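Engineer: Questions regarding the structure given below will be posed in turn.
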Amino acid sequence: MSGSVPDADAALVPKVDLLVRLGALVAVGAATASLRRTVQLALAAGATEAEIVGVLVAVAPTVGLARVVATAPKLADAIGYDVTSDE
């Protein structure tokens, strides 16, 4: 099936597609702007903040704890948390 167009039934629904995309961005250490845009699109597609954070948990065993710890503040910023607040 190399080079053929996948069945419409095999395509991921937009929310799942964006969560998978977010996992890939975490894996490659993407910039905050890329994470933010993907988070915005995922939320608009019906993803919850818990599902977005769940992406970090899901990819942690594969990408490693150091990558997750490095990405967590960027992802928090993308969701809208103030990571610079003392509270």
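Derivation of every value follows stated rules applied to the coordinates shown; laboratory data play no part. What you see is a predicted model, and the numbers here were worked out from it, not measured in a lab. Heads up, the Cβs are rebuilt from the backbone with ideal geometry, glycines too, and the neighbour counts pull from every protein chain shown.
Engineer: Along segment 60-70, what does the Karplus equation 6.51 cos²θ - 1.76 cosθ + 1.60 (θ = phi - 60°) give for ³J(HN,Hα), rounded to whole Hz, x for Gly and Pro?
Structural biologist: Per residue, the Karplus-derived 3J(HN,Hα) values read 3, x, 8, 8, x, 5, 4, 5, 5, 5, 5 Hz.
Engineer: Report, to the nearest 10°, how far helix 14-28 tilts away from the longest principal axis of the Cα atoms in the chain, using its own Cα long axis and a range of 0 to 90°.
Structural biologist: Tilt relative to the chain: about 60 degrees.
Engineer: What value does the chain have for Rg/Rh, both radii from Cα atoms and Rh as Kirkwood defines it?
Structural biologist: 1.04
Engineer: Based on the mean of other Cβ atoms within 10 Å per residue, sort peptides 61-71, 18-28 so the most packed one is first.
Structural biologist: Averaged packing, sorted descending, gives the order 18-28, 61-71.
Engineer: Find which of G54, A27, L12 sits farthest along the positive direction of the dipole of the chain, computed with +1 on the beta-carbon of Lys and Arg, -1 on that of Asp and Glu, about the Cα centre.
Structural biologist: In the chain, that residue is A27.
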